[in-house]
Every structure is written in C-alpha cells, then in structure tokens.
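S.K.: Below is a structure I'd like to ask you about.
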Amino acid sequence: MIDEICVIGYPSRLGGADTELDHQIHVWQKLGVKVHLVHTGPMDHNCHLMGMGERGCIVHEPCDWNACAGRHVISYCNAGFLDNLDAIRSHAKSTTFVNCMTWLFEKEKAMHARGMIDFFLYQTDHAMEKVSSELRSINDTYRPIKVRPHFHLDAFPFIEDRDEETFRFARLSRADPGKFHPAQLWIYETMVAPVLKSGIMLGVDAGVRAKIGQEPDWIRAYPPGELTPQAVYKQSHCIIQATETYENLPRVGFEAMASGCLLIVDDRGGWRDLVQHGKTGFLCSDQRDFVYYASRAAYEVEERNAMIREARNWLASHWSMESTADDWKNFFSELAVYDGR
C-alpha cells in the first residue's frame with residue numbers, strides 16, 4: 001500500500017466535492033497515509049478555517065506542481081487539475097480524477113483522449129455506468145475504480161428533540177438554478193401542517209429566484225455560505241428538496257441524516273443510495289409526492305422521529321470508517337504496484 005498521496009485541490013465545508021475530500025482525508029490518515037495538499041487557487045479564509053496543517057496534512061504553496069514529484073496524485077472534481085494536467089503529470093507517479101457528477105467535463109474527455117488520467121474513481125455504480133461507455137469509447141485504456149466514500153459523523157451532531165410549535169423545513173445546495181425544481185415553492189405552499197410552517201433555503205441568488213420566484217415571508221432565503229449547514233439542520237425537522245438534476249451522491253443527504261433531519265427527496269440517482277423509502281426518509285416521484293410526504297411528516301411526529309433515528313443508525317453502519325477502509329486499502333494497494341503508463 002502507498003504511504004503518501006498528493007491532492008490537487010483543497011478540502012472545504014462548502015461544496016460537495018471539497019466536502020467529500022475533507023471526509024476522505026480522515027480515512028487516509030487512519031490508514032497511515034501522509035496527505036499532501038496543493039490548492040489550485042489562492043488560500044482564502046475558508047481554507048485557513050479548515051486547519052489542515054493542524055490535522056497533520058502537508059500544505060504546499062498553491063499550484064506548486066513540484067510537490068507531485070514521485071507521488072500518486074488525486075483530485076476531486078477540480079477544474080484546475082484538468083487545466084494543469086500536463087505539468088502535474090510530468091511530475092506525478094500516477095493521476096486519479098474523481099468526477100463527483102453524473103456527466104463528463106469537456107476537459108476531462110480531452111485529457112482522457114491523450115491518456116493523461118490513469119484512474120477514474122467513482123462513489124456509486126450509477127454514476128460510473130452513466131459515463132463509462134463514453135470514456136471507454138474515447139480511450140480503451142480506461143481504469144474505473146469504485147470506492148465507497150466515508151462520512152465523518154462527528155462533524156454533524158444528532159439532534160432529536162426539536163420544538164414542535166412550528167413545522168420547520170429546509171433545502172441546501174449551491175446557487176445553481178438547475179438544483180431547484182420550478183415547483184419548489186409550490187410544494188412548500190401546498191403542503192399542510194397542524195402548526196405554522198417555516199422554511200430556510202440556503203443557496204439562493206438572483207438566478208435562482210428568476211427560476212422559482214420570490215419566496216414568501218415565512219421562508220428565509222440565504223446566499224451560499226451565509227449559514228453553516230449545521231445551523232440549518234439544527235432548526236429544521238425535514239429537508240424537502242426537489243431538483244431537476246440527477247444527483248450522484250448528495251452530501252446534503254449524509255449531513256441531514258446524521259443531524260436528525262428527515263429527507264424528503266427525489267426518487268432517482270444518488271438519493272436512492274441514501275434513502276430507504278418509508279424507513280429512513282421519503283423518495284418522491286413527482287411534486288405531488290413531495291406535498292403528500294411533507295404533509296405526512298408534519299402530522300406524524302412519532303413516525304418522523306422513528307425514521308430519523310433509523311436513518312442515523314443506518315448511516316453509522318453503512319458509511320462508517322470501517323465500511324470504506326477496505327475499499328481505500330484496495331485502491332492504494334493497486335496504486336502501489338502501478339508502474340505508470
């Protein structure tokens with residue numbers, strides 16, 4: 001097994017790919033792998049708040065591709081990695097790209113056509129299936145790897161007892177209009193509850209409002225980063241999140257389940273990997289399903305509380321350090337014997 005790895009990009013508590021990277025570093029270090037970090041942009045306030053040096057990572061200067069010399073390199077959905085792959089590859093022992101989407105970047109395809117990416121790593125079967133055929137047609141030297149990701153539960157404390165005088169719900173995503181279903185506000189307005197309703201939408205900007213409309217005064221909308229996810233989960237009974245996108249493995253789902261927020265989400269993509277319908281959350285095939293299950297969650301408090309406890313337990317047993325460590329060991333062992341090109 002390898003004893004160190006060089007990451008192109010930087011972990012974060014904002015954004016799915018950088019958040020996932022943050023969680024996987026816990027596993028790598030538990031396995032005894034030394035982690036080098038090379039950011040592709042300036043080290044901003046968020047980077048410094050991550051405290052990666054204190055966690056034992058070796059933080060190099062941004063864009064210092066010399067740090068890749070003789071090391072296996074991995075990057076999580078980072079455009080700067082693809083843009084600088086010629087320089088990175090000239091130093092690296094191997095290159096691995098983790099595409100956290102269910103579609104391909106044009107630069108990813110171009111680099112693969114040139115044989116510049118040694119391994120493609122995926123978190124789910126459905127994401128790998130969606131892109132593998134095209135990648136294999138571009139270059140038959142295509143090495144897909146699936147690694148079950150780790151979710152670091154300690155970062156999201158479980159909150160069971162919430163005030164029931166108001167039914168509080170939320171949705172969280174980046175400010176991408178595609179992440180918002182045009183009927184999102186209709187769902188919130190149409191669903192019913194035995195008490196007053198109150199909502200939070202995190203990740204709203206002018207482009208989002210142009211698509212879904214102006215939120216009513218009983219829903220508070222915030223731009224990305226205005227609140228921490230933990231603050232949103234702490235005051236919400238449910239995450240009610242309809243989208244037009246096909247999600248890979250939404251980190252919001254992990255976070256909500258860990259925190260004790262019931263997931264009411266789309267019946268497709270990565271949500272199916274996270275939610276057991278009727279046991280740990282509700283999967284919705286259309287907007288009327290969203291209205292029904294959201295209303296049910298508002299009225300059936302005991303059922304909702306039983307489901308959030310089951311969700312937390314399921315998350316702990318299926319996405320723990322132990323459940324992912326063997327996958328990472330196997331991948332690192334493959335890197336150790338890889339002779340390059």
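S.K.: Among (1) touching a helix residue (DSSP H, G or I) at 6+ places or on another chain (Cβ under 6 Å); (2) in a loop (DSSP other than H, G, I, E, B), which single condition is residue 282 missing?
M.R.: It is condition (2) that residue 282 fails.
S.K.: Right, here's the next one. Go through the stretch 244-259 and count every residue that is more than 15 Å from the chain's Cα centre (by Cα) and open to solvent by less than 10 Å² (accessible area, probe 1.4 Å).
M.R.: 1
S.K.: I've got another one for you. Yes or no: the stretch 320-338 includes at least one residue that is modelled with pLDDT under 90, within 15 Å of the chain's Cα centre (by Cα) and not in a helix (DSSP H, G or I).
M.R.: no
S.K.: Might you check whether a residue that is closer than 24 Å to residue 22 by Cα and acidic (Asp, Glu) occurs anywhere in the stretch 132-148?
M.R.: no
S.K.: If you don't mind, there's one more thing I want to ask. Find the residue count for the stretch 38-66, including only residues that are open to solvent by less than 60 Å² (accessible area, probe 1.4 Å), out of contact with any strand residue (DSSP E or B) (no Cβ under 9 Å at 6 or more places or on another chain) and either farther than 24 Å from residue 151 by Cβ or among the hydroxyl-bearing types (Ser, Thr, Tyr) (or both).
M.R.: The qualifying residues number 1.
S.K.: Condition test on residue 272, is it open to solvent by 20 Å² or more (accessible area, probe 1.4 Å), out of contact with any Lys or Arg (no Cβ under 9 Å at 6 or more places or on another chain) and part of a helix (DSSP H, G or I)?
M.R.: Working: open to solvent by 20 Å² or more (accessible area, probe 1.4 Å): yes; out of contact with any Lys or Arg (no Cβ under 9 Å at 6 or more places or on another chain): yes; part of a helix (DSSP H, G or I): yes.
So residue 272 fits the description; yes.
S.K.: Is there a residue being more than 24 Å from residue 339 (Cβ to Cβ), at pLDDT 95 or above and open to solvent by less than 10 Å² (accessible area, probe 1.4 Å) anywhere in the stretch 30-37?
M.R.: yes
S.K.: Moving on. Scan (1) open to solvent by less than 10 Å² (accessible area, probe 1.4 Å); (2) closer than 25 Å to residue 247 by Cα; (3) among the polar types (S, T, N, Q) for the single condition residue 78 breaks and write down its number.
M.R.: Going through (1) open to solvent by less than 10 Å² (accessible area, probe 1.4 Å); (2) closer than 25 Å to residue 247 by Cα; (3) among the polar types (S, T, N, Q) one by one, residue 78 breaks only (1).
S.K.: Looking only at the stretch 260-269, which residues are within 21 Å of residue 18 (Cα to Cα) and surrounded by 24 or more Cβ atoms within 10 Å (Cβ to Cβ)? Before the answer, list the steps.
M.R.: Step one: of the stretch 260-269, the residues within 21 Å of residue 18 (Cα to Cα) are 269.
Of everything in the stretch 260-269, nothing turns out to be within 21 Å of residue 18 (Cα to Cα) and surrounded by 24 or more Cβ atoms within 10 Å (Cβ to Cβ).
S.K.: If you check residue 244 against the conditions, is it in contact with a His (Cβ under 8 Å, 6 or more places away or on another chain), over 22 Å from residue 157 (Cβ atoms) and touching a residue at least 24 places away in the same chain (Cβ under 8 Å)? Write out each step before concluding.
M.R.: Values: in contact with a His (Cβ under 8 Å, 6 or more places away or on another chain): yes; over 22 Å from residue 157 (Cβ atoms): yes; touching a residue at least 24 places away in the same chain (Cβ under 8 Å): yes.
For residue 244, the condition - in contact with a His (Cβ under 8 Å, 6 or more places away or on another chain), over 22 Å from residue 157 (Cβ atoms) and touching a residue at least 24 places away in the same chain (Cβ under 8 Å) - is met.
S.K.: I've got another one for you. Evaluate the stretch 112-119: report whether one residue or more is in a loop (DSSP other than H, G, I, E, B), surrounded by 13 or more Cβ atoms within 10 Å (Cβ to Cβ) and within 24 Å of the chain's Cα centre (by Cα).
M.R.: Taking every residue of the stretch 112-119 in turn, at least one turns out to be in a loop (DSSP other than H, G, I, E, B), surrounded by 13 or more Cβ atoms within 10 Å (Cβ to Cβ) and within 24 Å of the chain's Cα centre (by Cα).
S.K.: Note down all Cβ pairs under 6 Å where the first residue falls in the stretch 156-173 and is within 16 Å of residue 256 (Cβ to Cβ) and basic (Lys, Arg), the second is open to solvent by 40 Å² or more (accessible area, probe 1.4 Å) and at pLDDT below 95, and they're at least six residues apart or on different chains.
M.R.: If the second residue must be open to solvent by 40 Å² or more (accessible area, probe 1.4 Å) and at pLDDT below 95, the pairs left are 168/235.
S.K.: Restricting the stretch 46-68 to residues that are over 22 Å from residue 85 (Cα atoms) and among the aliphatic types (A, V, I, L, M), which is nearest to the chain's Cα centre (by Cα)? Step through it out loud before you land on a result.
M.R.: Looking only at the stretch 46-68, we keep the residues that are over 22 Å from residue 85 (Cα atoms), and these are 46-57.
Imposing the further condition that a residue be among the aliphatic types (A, V, I, L, M) reduces the set to 49-50, 52.
Working: 49: 19, 50: 17, 52: 19 Å.
The residue in question is 50.
S.K.: Scan the stretch 180-226 for residues that are in contact (Cβ under 8 Å) with a residue 40 or more places away in the chain, over 18 Å from residue 266 (Cα atoms) and hydrophobic (A, V, I, L, M, F, W, C) and jot them down.
M.R.: The answer is 192, 193, 195.
S.K.: Looking for whichever is of a type in the set (A, V, I, L, M) and over 26 Å from residue 147 (Cβ atoms) here; the options are 335, 262. Which one fits? Spell out how you get there, then give the answer.
M.R.: On the way: 335 fails: over 26 Å from residue 147 (Cβ atoms).
Result: 262 is the single residue among 335, 262 that is of a type in the set (A, V, I, L, M) and over 26 Å from residue 147 (Cβ atoms).
S.K.: Output yes when any residue across the stretch 291-303 is outside any helix (DSSP H, G or I), open to solvent by 10 Å² or more (accessible area, probe 1.4 Å) and over 30 Å from residue 95 (Cα atoms), and no when none is. Don't jump to the end; show me each part of the working.
M.R.: If we filter the stretch 291-303 for residues that are outside any helix (DSSP H, G or I), which is where we start, we get 300.
Now restrict to residues that are open to solvent by 10 Å² or more (accessible area, probe 1.4 Å): 300.
Cutting the leftovers down to over 30 Å from residue 95 (Cα atoms) gives us 300.
Yes - at least one qualifying residue is present in the stretch 291-303.
S.K.: What strands (runs of 3 or more DSSP E) completely inside the stretch 1-111 contain at least 1 residues that are in contact with a Leu (Cβ under 8 Å, 6 or more places away or on another chain)?
M.R.: Working: elements: 4-8, 34-38, 72-76, 94-98.
Qualifying strands (runs of 3 or more DSSP E): 4-8, 72-76, 94-98.
The values are calculated or read from the model by the stated rules, or taken from the named source; none is laboratory data. As the structure is a computational prediction, the values presented were derived from the model and not from experiment. For neighbour counting, all protein chains shown are included, and Cβ atoms are generated from backbone atoms with ideal geometry for every residue, glycine included. The protein model used for the area step is the full one, side chains on, heavy atoms only, and it has no ligands, DNA or RNA in it. Shrake-Rupley method; radii C 1.70, N 1.55, O 1.52, S 1.80 Å.
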